[in-house]
Amino acid sequence: MPLPPSGPRSTLASLALIAAICAGATGALAYTAGWLSPDRLTPTKLVDALAPPKGPVPGYRRNHAKGLCFTGVFEANGNGAALSRARAFETGRHPVLGRFNLGTPDPGAPDATVRVRGLGLQITADDGAVWRTAMINAPVFPVSSPEAFYALLRVPTSKAPNAMAAFVAAHPEFAPFGAWAKSPDWTASYAQEPYNSLNAFLFTNASGAEQAVRWSFRPQAQAERITPGDLAKRGEAYLEREITERVAAGPQRWSLILTVAEPGDPTADPSRAWPEGRRSVEAGILVVERIAPEADGPCRDVNFDPTILPDGIRVSDDPFPAARSAAYARSYDLRTAEAKDYPRSAAEAPR
Amino acid sequence: MTADGKHFTGVQRFLHWSMAACIIAMFFIGVGMVSTIMPKYVPLLATHKTLGVAIFVLALVRLAVRARSGAPPLPADLPAPMKLAAHLSHYGLYGLMIAMPLLGWAMLSAGAYPVVLYGDIRLPAILPQNAALHTLLWNAHSYLAFAFFALVLTHVAAALFHALVRRDGVFAAMAPVGSRSGAAPR
């Protein structure tokens, strides 16, 4: 033993030092966890803000809650390989799993009350690499930052008069989305909608060249234009019935169009469309072959997290995929813990 | 341990201190990533998974090295309750080093998430997708993380108590190679 034990005074000082180190470490952890920063925009806050006035519907996704599953294939034609080395772009048939949905936190919302329709998709390549994406039919996103999206979600609960007008005035980027949302030019089927990534991702090809890309699945089905008023007359869950019957009668197809940014294009801002005439590549065809109700369906417990990407695609400077990933995980954790509230048998599922 | 029977070997010290850095980083990455929606969320998550697997592998290596090299005995005059606490806390530390990465991996598997590390290293699912299991594992991973943090703090406090108050050579046994305390005269 090299040294005698310390005397009482220095023992006290040593114990104080040890206590200070432990307290400091705990404080640093608390700070990192955001417990000392009530203003931090956390996934919990973002997801809570999505809840409808009566509160979230337990067991369901916290947004895009109304939907149904499908399976099919992505038939890659090989053209996408010029942009990305992801195996999903190599010529061949890659199995897919997906979900048609409506952009609402209420799984019982009538179809005609929801402007935004979505497509969640998972493509699995033969090497096992998984690509997930969640897209919507809007041509642009409403706002340019996750913070602005949070502010938008809080508009309905605002006590301020003309809160929406004030929001639009403060967020001029909202105008293109607002105009699209107001247009009565809806379609009568999930099969007739385009589904857009809106977010930009970085594609890396086999020679290492990297480019920012946005993508769209464009429908091969002819669009039947319908006003929300006429859609309402067809029933509250017409779209689910329609796509089920349509796919039972024959597979439905979308072309995957990859659009390449040019220098200076706003890759970080999904509220801004890229100029017309950008180079685009048709990379293949999505074939939806089979529809399944969500309660028992293969998409039910899948999180279509847009940051689950294969080698050859990665997130860009667009801040949304990270924010969406964080919020989707929170939603997933909540709803899987509430599975008992969403019975598996479709017949028992509340509607 | 070394030939004098008082120190851990250089390999053991290297494993101890490098894993200490990794594990402490994991606590901060973990609580940081689940409380942010910023772009750093994506690299934090990838780092958390990659580092977790690295810690799991290092923990297994460490146990093997420990089995081969042994450990210096605790001071003979250490009171029995402190000896017991020392032994139990080390079982806890080793157990959590191995359990936490497995719980995280199993949790992602039960959530049908692909487990992809840096370098496009893809790990297979170790459980089928299951909502109830996902919830159970998520809770276990989360609560045990805080228990692990508390245990590491206790470990640090005890190590410093040995170094500063008892001055009994226990800290010197694992002190970073080349440090003053590591070269303490005996």
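What follows is calculated from the coordinates using simple rules that are stated; it is not laboratory data. Remember, predicted model here, so these are calculated numbers, not experimental data. Cβ sites come from the backbone with ideal geometry, for glycine too, and all protein chains shown count toward neighbours.
Quick rundown of the values:
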read-out: Considering residues of region A:22-48 that are aliphatic (A, V, I, L, M) and more than 7 Å from every other protein chain (Cβ to nearest Cβ) only, the residue farthest from residue A:323 (Cα to Cα); value: A:23
read-out: Residue in region A:291-313 that is away from chain B (no Cβ under 14 Å) and surrounded by fewer than 21 Cβ atoms within 10 Å (Cβ to Cβ) present; value: yes
read-out: Options B:144, B:137, B:127; residue that is assigned to a loop (DSSP other than H, G, I, E, B) and under 30 Å from residue A:337 (Cβ atoms); value: B:127
read-out: Which numbered condition residue A:254 misses (of (1) surrounded by fewer than 22 Cβ atoms within 10 Å (Cβ to Cβ); (2) over 26 Å from residue A:44 (Cβ atoms)); value: (1)
read-out: Flag for residue A:130 being in contact with a strand residue (DSSP E or B) (Cβ under 9 Å, 6 or more places away or on another chain) and within 13 Å of another protein chain (Cβ to nearest Cβ); value: yes
read-out: Long-range neighbours under 6 Å by Cβ, at least six apart or interchain, first residue under 10 Å from residue B:48 (Cα atoms) within region B:15-31, second among the small types (Gly, Ala, Ser) and surrounded by 15 or more Cβ atoms within 10 Å (Cβ to Cβ); value: B:30/B:145
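Conditions (1) exposed (fewer than 13 other Cβ atoms within 10 Å of the Cβ); (2) on the phi > 0 side of the Ramachandran plot; (3) touching a residue at least 40 places away in the same chain (Cβ under 8 Å), marked per residue:
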| position | (1), (2), (3) |
| --- | --- |
| A:163 | no, no, no |
| A:170 | yes, no, no |
| A:177 | no, no, yes |
| A:186 | no, no, yes |
| A:189 | no, no, yes |
| A:193 | no, no, yes |
| A:198 | no, yes, yes |
